[in-house]
Structures are given as C-alpha cells and as structure tokens.
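Only one structure is covered here, and it is reproduced in the block below.
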Amino acid sequence: EWPASSGPLNVTVGTGGVTLGVERTISSTGKLTLNGVFATGDNLTLASDTNGTAVVIGGTNSDITGNVTVQRYLPWSGANHNGYRFVGHPLRSNPVLDMVINLPSTSNTVIGYNNASNSYTAVSDRTTTWPQATGYGIWTNAAQTLVFNGELQLSDVSAVPMGTASNRWNYAANPFPSVMDWHGVTKTNIERTLYRWDKNTDTLSAGSSQAKGKWGTYNDSTGVSANEGSRYMAPMQGFMVQASSGASSA
C-alpha cells in the first residue's frame, strides 16, 4: 500500500505492477524502484529541493505509463551566485520551452551551445522544443524550480549526433530521472573526459552580476577527476563533451 503522506518516501513497485489513483509525491531524498509496470494515472510527482532530487530506479521488465511531474531545483544563495545552471529534461517527448514551468522568459535567460560557431547562443523562441540529452543554460538570479510534465525516459536513448574534430564542444545532459554513469554511455568518436560546470559565490569582477565557477572533469579511461568532477551525473545534469573526429555521437 502506498503511504498517505508525502514525506521522504522510498517506494518499490513489484512485478505485479501498481496503478496510482490519487496524487502522491516522492520527496527530494526518496527513490522509486521499479520491478514491474507503474501506471501513474498522471498523479505522480518527483520532488527536487535543496536536499536533492527524487530518482527512479528501473529493473528488468519495468516501465512507467502515464505522465509524471518532475521538478529540478536550481540553487542560488545571493547576488554573488548569479549565473547559468546547465540542465536537460527527463521526458520521452521533447517539451516545448514555454511548457516548462518556471523557465525564465526574458532575453538571454536560456542558452544553448552551437558547435558550428563554437559559441553559446540564446534560445529566444519559446516555441522551440528542448532536444533530448541536450543541455541548456538557465539563467539563475534567484532560487527556482523547473517543472516538467510528461512520460519519463527510462530506456536507452538513441545516439545523439555531436560535433566534429573542428567543432568539438557539445553541451549534453543526463536525459534520465536517475543518476547516469559516464562509464555506461556508448561513445563514438567522443573524447573520454566530461566537463561539469559548478558555480561558486566569488564575484567574477568588480560590478559584475555573474559568479565564477569551475569545470569539474572526469576521464573514464584513466579514472582521473579534477575540481570535484565525477563519473556520475545527477538527474537532468548538464555537462560538456568534445568530439574527437567526424560523425561523433553519444
């Protein structure tokens, strides 16, 4: 039986499956473990806040049917912490930007990366769909929680085309509502190091409204990390990768 509260829940769905008939929330520190088919009835929320983000763990012959509301908390501690946070979305179908709740709407508050020009570019058309496994930078000058709604991506994602040896940088993202292991990603002509951008609260320069940060790196060939980089990407975490030659994908 599903608990009536919305506290820090850890819920396991057995092989017989579950149909959810009332609204329930997996808290930011909880997890949903699937060993069967979970029919949400559009009643499930995965929470995210300062404590973390709820995760889904899928087992053999497991699936979720129906829509799920998924939160992704973006931290902020003050003016010295302004800047872009890079995230992806966890849905099977690419959402239109103006359907993502709490996404900032003013100019240059959502950016992507154009590997043809090797530059960040504003995504100003809010009828644009957010590509799967692609990171977008979300301008954050206050704590905010993005909210997505749709069917969750639980199975492997088709190979995502990347750049070439001359247009190397690509912003990717964990497309799952669970932790992603860089070791488990199939890479074609992709460098082995991933780069995760982390903000800090040091000001960039006098009078600047944007904070400094650091690139945490991890190489899955050597196992070497720097600046607190990791092989594990949090749900919806954005990160950079480099192509090593033509026709690259991950």
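Across the stretch 214-227, coupling constants 3J(HN,Hα) worked out from phi with the 6.51/-1.76/1.60 Karplus curve, θ = phi - 60°, read 8, 9, x, 10, 8, 10, 7, 7, 9, x, 8, 10, 9, 6 Hz, and Gly and Pro carry x.
Among 89, 183, 81, the largest mean-square fluctuation in a Gaussian network model of the chain, built with springs joining Cα atoms closer than 10 Å, belongs to 183. Ranked by solvent-accessible area (1.4 Å probe, protein heavy atoms only, all chains present), the residues 190, 57 order from largest to smallest as 57, 190. Remark: the chain carries 46 Å² of accessible area per residue (probe radius 1.4 Å; ligands, DNA and RNA excluded). With the simple model of a label 7 Å out from the Cα in the direction of the Cβ, residue 102 to residue 22 spans 2.5 nm. Computed with a 1.4 Å probe on the full set of protein chains, the accessible area for residue 105 sits at about 100 Å². The amide H of residue 13, built 1.01 Å from its N in the peptide plane, has 33, 34, 35 as neighbours under 5 Å, considering only residues 5 or more places off or on other chains. The distance linking the stretch 61-102 with the stretch 137-156 is 0 Å (Cα centroid to Cα centroid, whole angstrom). Based on Cα contacts under 8 Å between residues 6+ apart, the stretch 1-129 shows a relative contact order of 16 percent. Solvent exposure of residue 22, expressed as accessible area, is near 80 Å², computed with a probe of 1.4 Å over the protein chains only.
The accessible surface of the chain, taken with every protein chain in place and a 1.4 Å probe, is 47 percent carbon and sulfur. With percent of Cα pairs over 25 Å apart defined as stated, name the option among (i) 65; (ii) 55; (iii) 45 computed from the structure displayed. Computing percent of Cα pairs over 25 Å apart and matching it to (i) 65; (ii) 55; (iii) 45 gives (iii).
Charge tally for residue 173 (other residues, Cβ to Cβ under 13 Å; Lys, Arg +1; Asp, Glu -1): +3.
Between 53, 129, 186, the GNM of the chain built on Cα springs shorter than 10 angstrom shows 186 fluctuating the most. Taking all protein chains as they are arranged and a probe of 1.4 Å, the heavy atoms of residue 99 leave approximately 140 Å² accessible to solvent. Between residue 94 and residue 214, the contour length at 0.36 nm per residue exceeds the Cα-Cα span by 40.3 nm.
With an a/c value of 1.5 or above and a/b larger than b/c for the gyration tensor axes a ≥ b ≥ c computed over the alpha-carbon atoms, the stretch 1-133 is described as prolate. Straight-line cross-link partners of residue 212 among the lysines, defined as a Cα under 28 Å from its Cα and at least 8 positions apart when in the same chain: 199. Shape class for the stretch 92-138, computed from the alpha carbon gyration tensor (a ≥ b ≥ c): oblate, with a/c not under 1.5 and a/b at or below b/c.
The values are calculated or read from the model by the stated rules, or taken from the named source; none is laboratory data. Everything quoted here is computed from the prediction, not taken from an experiment. Virtual Cβ from ideal backbone geometry, glycine too; neighbours counted across all protein chains shown. Protein only, heavy atoms only, side chains kept; ligands, DNA and RNA dropped before computing areas. Shrake-Rupley method; radii C 1.70, N 1.55, O 1.52, S 1.80 Å.
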